[in-house]
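First comes the structure, then the notes that go with it.
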Amino acid sequence: MKIVILGPAYPYRGGLASIMHTMAREYQQRGHEVKIYTFSVQYPSLLFPGKTQYVDGPAPEDLHIERVMNTVNPFNWVALGLRLKRERPDMVLMKYWTPFMAPCFGTVARIARTNGVTKFVCQIDNVEPHESHIIDKPCNHYYLGAVDGFVYMSEQVHRELEAYTSAPAIFSPHPMFENFGSVVDRDEACQRIGLDAEQQYTLFFGLIRDYKGLDMLLRAWAKWMPEGRKLLIAGEFYTSRESYLALIDELGLKDRVVLHDRFIPDEDVRYYFSAADCLVLPYRSATQSGVTQIAYNFSLPMLVTNVGGLPEIVPDGKVGLVCEPTVDDILQGLQRIYAEGVLQKLQANFAEERKRFSWSAMCDKLLEVYQMCK
């Protein structure tokens with residue numbers, strides 16, 4: 001087959017780009033012809049909340065990546081749609097995570113599909129965004145109505161998707177991230193990222209947005225504050241940094257929290273997951289989370305809140321515990337997971353549980369949807 005992957009890729013940073021690279025490699029290994037068409041402009045600088053959208057270093061030598069898509073230039077959308085119409089790939093694989101992409105993605109798909117050959121298949125992260133805007137529903141209607149089939153990764157997303165389209169849709173859980181390497185010695189991990197190895201660490205990891213509930217975790221931590229343990233917060237602020245620093249100060253947590261408030265590059269991720277003995281996702285809302293799939297790779301027990309698809313990914317009592325998204329419940333969850341023997345019991349279950357999350361299975365499901373669209 002001729003496959004075009006449309007979405008984030010090098011030189012753009014982050015988990016979405018890693019996902020597109022991994023799926024491209026999986027399809028190439030199966031003998032398919034694969035190209036990745038990524039952005040010339042992903043987000044205008046004024047709309048991007050982080051410090052940079054880009055990674056350092058050379059492009060992957062084993063992937064064909066072209067920067068051809070400008071999310072804010074309608075003339076570009078038409079040109080790219082016409083190009084795909086002419087090139088006639090069998091399948092265009094898209095990733096959808098925010099309605100901001102809908103005008104661009106929807107226009108490209110609507111034009112290219114008129115060749116009668118190309119089918120657009122979407123691996124969909126979110127339908128309704130965590131931080132909503134008035135334009136979300138019209139944008140979703142425009143894009144989702146232009147797609148031939150979907151693979152969703154949580155039942156919440158499926159329910160939301162059904163409100164917009166009756167196109168074929170099947171489930172496949174978010175695969176495990178294996179591109180960050182393997183566990184390293186804890187002392188080495190602490191040294192590499194500047195931590196005191198005499199302390200123990202509980203990890204909050206990922207881009208910091210209000211819906212992720214870090215404020216609730218901080219308030220729970222202030223009620224607990226175990227001796228010899230610190231909360232390690234690793235991620236770039238995509239919201240007001242000052243409000244969180246003020247909360248840490250107000251709660252008297254300056255000496256109980258280690259804050260690495262920056263984007264964590266891929267090559268450093270393993271050190272954070274090797275230095276900690278538990279990951280906490282205190283989210284107020286969620287569909288699924290790529291952070292849980294990093295934890296699966298490193299066999300790191302998790303405490304997650306009972307929102308969206310998180311309990312599907314982290315069943316209570318298997319590789320983690322589930323609590324309600326309140327300060328008191330998060331506190332009780334911390335106390336439960338650090339009770340004697342609990343971490344060891346949860347860690348022993350990873351070998352079996354991680355079998356559910358393979359990239360091969362995800363790519364199979366995408367091809368299955370493609371066949372349903374023909």
Q. Going by the structure shown, is residue 135 free of Cβ contacts under 8 Å to residues at least 40 places away in the same chain and touching a helix residue (DSSP H, G or I) at 6+ places or on another chain (Cβ under 8 Å)?
A. yes
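Would you be able to say whether some residue in region 51-61 is within 27 Å of residue 367 (Cβ to Cβ) and in contact (Cβ under 8 Å) with a residue 12 or more places away in the chain?
Yes, because at least one residue in region 51-61 is within 27 Å of residue 367 (Cβ to Cβ) and in contact (Cβ under 8 Å) with a residue 12 or more places away in the chain.
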**Q.** Test result for residue 222, without any contact (Cβ under 8 Å) to a residue 60 or more places away in the chain, over 25 Å from the mean Cα position of the chain (by Cα) and in the same structural domain as residue 347 (by TED's automatic domain parsing)
**A.** yes
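Going residue by residue through region 128-141, is there one that turns out to be in a helix (DSSP H, G or I) and of a type in the set (A, V, I, L, M, F, W, C)? Walk me through it before giving the result.
Taking region 128-141 first, the residues in a helix (DSSP H, G or I) are 136-141.
Imposing the further condition that a residue be of a type in the set (A, V, I, L, M, F, W, C) reduces the set to 139.
Yes: one or more hits.
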Q.
With the requirement that a residue be more than 30 Å from residue 19 (Cβ to Cβ) and either modelled with pLDDT under 95 or surrounded by 15 or more Cβ atoms within 10 Å (Cβ to Cβ) (or both), what does region 342-374 give you?
A. 342
Q) Only one of these conditions is not met by residue 39: (1) over 21 Å from residue 158 (Cβ atoms); (2) of a type in the set (A, V, I, L, M, F, W, C); (3) in a helix (DSSP H, G or I). Which number is it? A) (3)
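Before we move on, is residue 161 touching a strand residue (DSSP E or B) at 6+ places or on another chain (Cβ under 8 Å), touching a residue at least 12 places away in the same chain (Cβ under 8 Å), surrounded by 16 or more Cβ atoms within 10 Å (Cβ to Cβ) and more than 22 Å from residue 32 (Cα to Cα)? Before you say what the answer is, go through the steps one by one.
On the way: touching a strand residue (DSSP E or B) at 6+ places or on another chain (Cβ under 8 Å): yes; touching a residue at least 12 places away in the same chain (Cβ under 8 Å): yes; surrounded by 16 or more Cβ atoms within 10 Å (Cβ to Cβ): yes; more than 22 Å from residue 32 (Cα to Cα): yes.
Spelling it out, residue 161 is indeed touching a strand residue (DSSP E or B) at 6+ places or on another chain (Cβ under 8 Å), touching a residue at least 12 places away in the same chain (Cβ under 8 Å), surrounded by 16 or more Cβ atoms within 10 Å (Cβ to Cβ) and more than 22 Å from residue 32 (Cα to Cα).
For residue 169, are the conditions met, namely being in contact (Cβ under 8 Å) with a residue 12 or more places away in the chain, surrounded by fewer than 21 Cβ atoms within 10 Å (Cβ to Cβ), in the same structural domain as residue 17 (by TED's automatic domain parsing) and of a type in the set (Gly, Ala, Ser)? Explain how you work it out, then say what you get.
Working: in contact (Cβ under 8 Å) with a residue 12 or more places away in the chain: yes; surrounded by fewer than 21 Cβ atoms within 10 Å (Cβ to Cβ): yes; in the same structural domain as residue 17 (by TED's automatic domain parsing): yes; of a type in the set (Gly, Ala, Ser): yes.
Yes.
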Q | Residue among 362, 372 that alone is under 17 Å from the mean Cα position of the chain (by Cα) and either outside any helix (DSSP H, G or I) or in contact (Cβ under 8 Å) with a residue 60 or more places away in the chain (or both) | A | 362
Q: With the condition kept exactly as written, say whether any residue in region 264-280 is free of Cβ contacts under 8 Å to residues at least 40 places away in the same chain and touching a helix residue (DSSP H, G or I) at 6+ places or on another chain (Cβ under 8 Å).
A: no
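What number of residues within region 261-274 satisfy the criterion of being within 18 Å of residue 319 (Cα to Cα) and touching an Asp or Glu at 6+ places or on another chain (Cβ under 9 Å)? Before the answer, list the steps.
Going through region 261-274, the residues within 18 Å of residue 319 (Cα to Cα) turn out to be 273-274.
Imposing the further condition that a residue be touching an Asp or Glu at 6+ places or on another chain (Cβ under 9 Å) reduces the set to 274.
So the count comes out to 1.
Only one residue in 276, 246 is at pLDDT 95 or above and surrounded by fewer than 21 Cβ atoms within 10 Å (Cβ to Cβ). Which one?
246
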Q. Out of region 249-273, which residues are buried (at least 23 other Cβ atoms within 10 Å of the Cβ) and under 18 Å from residue 208 (Cα atoms)?
A. 272, 273
Q.
Restricting to region 208-234, give me the number of residues that are out of contact with any strand residue (DSSP E or B) (no Cβ under 8 Å at 6 or more places or on another chain) and closer than 28 Å to residue 132 by Cα.
A. 7
**Q.** Only listed residue being farther than 23 Å from residue 140 by Cα, in contact with a Lys or Arg (Cβ under 6 Å, 6 or more places away or on another chain) and surrounded by fewer than 20 Cβ atoms within 10 Å (Cβ to Cβ), chosen from 33, 26
**A.** 33
Q. Can you list the helices (runs of 4 or more DSSP H) found entirely within region 259-327 that contain at least 2 residues being over 19 Å from the mean Cα position of the chain (by Cα)?
A. 266-275
**Q.** Only one of 23, 69 that is touching a residue at least 40 places away in the same chain (Cβ under 8 Å) and assigned to a helix (DSSP H, G or I)
**A.** 23
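The values are calculated or read from the model by the stated rules, or taken from the named source; none is laboratory data. Owing to the predicted nature of the structure, the values given are computational and were not obtained by experimental measurement. Positions of Cβ are backbone-derived with ideal geometry, glycine not excepted, and every protein chain shown enters the neighbour counts.
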